[in-house]
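Colleague: Got a structure here, written out as structure tokens. Questions coming.
Derivation of every value follows stated rules applied to the coordinates shown; laboratory data play no part. Because the structure is predicted, anything quoted here is derived from the model rather than measured. A quick note on method: Cβ atoms are made from the backbone with ideal geometry, for glycine too, and the neighbour counts reach across all protein chains shown.
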């Protein structure tokens, strides 16, 4: 009987090592799979982000947006956005629709929140400040508060409530290792 007990110990140790090895392989597999999934999600975001942000870097877009900032505050009383004089009406719709697209992507979690907010945080807030009275007048003219640029308004509230310095600090820590 003593010999059988002695023979069982190496078998138990071998079995325990096999179980530990299998468990380690499972952990490595799960970690690798999770990482691959994260990398795949990021890779899918890249073409969308590059396309969207090529627009905001264009001189034409920046010129239109800055013209809105300069001229809209001088229009009183606020009229519906659709009744603004040309070219301000066109510029307002173009710029608001651009930011709305980012807002939709953010809301659907199709892009990382930091990627949606960080590059536009200053400009989207300033643009919203300029167009807000005209958006509100447009909603009133339509007779429905939830009829126009609501996702953009929600996005702007999120942007304005975000600590951009926290994002910057996290990025600097990541880059500096």
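Colleague: With 10 angstrom as the radius, rank 126, 158 by how many other C-beta atoms surround their C-beta, starting from the fewest.
Modeller: Details: 126 13, 158 16.
Ascending number of Cβ neighbours within 10 Å: 126, 158.
Colleague: What's the extension gain from residue 101 to residue 141 if we count 0.36 nm per residue and subtract their Cα-Cα distance?
Modeller: Values: separation 40, 0.36 × 40 = 14.40 nm, distance 2.35 nm.
Here the segment from residue 101 to residue 141 would lengthen by 12.0 nm.
Colleague: If you don't mind, another one. Is it possible to state the helix-based mean residue ellipticity at 222 nm for the chain, with each DSSP H run of 4+ residues giving -39500 (n - 2.57), the sum divided by total residues, to the nearest 500 deg cm²/dmol? What is it? Write down the numbers at each step before the final one.
Modeller: Values: 7 runs with 139 residues, N = 177.
Taken over the chain, the calculation gives -27000 deg cm²/dmol.
Colleague: Between residue 158 and residue 132, what length comes free when the chain is fully extended (0.36 nm per residue of separation minus the Cα-Cα distance, one decimal in nm)? Please list the in-between numbers first.
Modeller: Values: separation 26, 0.36 × 26 = 9.36 nm, distance 1.57 nm.
Full-extension gain reported as 7.8 nm.
Colleague: Only counting other Cβ atoms within 10 Å, I'd like 61, 148 sorted with the fewest neighbours first. Walk me through the numbers on the way to the answer.
Modeller: Details: 61 17, 148 21.
With the sparsest Cβ surroundings first, the list reads 61, 148.
Colleague: Sticking with this structure for a sec: Jot down the per residue volume, in cubic angstrom and as a whole number, of the convex hull over the alpha-carbon atoms of the chain. Write out the running numbers ahead of the final one.
Modeller: Numbers: hull volume 30.3 nm³, N = 177.
Taking the convex hull of the Cα positions in the chain, it is 171 Å³ per residue.
Colleague: Note down the nm distance, to one decimal, between modelled labels 7 Å out along Cα→Cβ at residue 46 and at residue 109.
Modeller: About 2.3 nm, to one decimal.
Colleague: Fully extended, how many nm does the chain gain between residue 33 and residue 118 (0.36 nm per residue separation, minus their Cα-Cα distance)?
Modeller: On the way: separation 85, 0.36 × 85 = 30.60 nm, distance 2.85 nm.
Stretched fully, the residue 33-residue 118 segment lengthens by 27.8 nm.
Colleague: For the residues 146, 100, what sequence is obtained by ranking on other C-beta atoms within 10 Å, fewest first? Intermediate results must be reported in sequence, preceding the final value.
Modeller: Values: 146 8, 100 17.
The fewest-first ordering by Cβ neighbours comes to 146, 100.
Colleague: Pairing the Cα long axis of helix 59-71 with the longest principal axis of the chain, what angle in degrees results, from 0 to 90 and rounded to the nearest 10?
Modeller: Tilt of helix 59-71: around 50 degrees.
Colleague: If we sort 101-109, 49-57, 76-84 on the protection proxy, mean other Cβ atoms within 10 Å, highest first, what's the order? Each step should come with its number before you reach the end.
Modeller: Numbers: 101-109: 16.7, 49-57: 13.2, 76-84: 15.1.
Top to bottom by mean Cβ count within 10 Å: 101-109, 76-84, 49-57.
Colleague: Label 7 Å along Cα→Cβ of residue 173; the range 90-129 residues with amide nitrogen under 15 Å?
Modeller: Once the point is set 7 Å along Cα→Cβ of residue 173, nothing inside the range 90-129 turns out to lie under 15 Å by backbone N.
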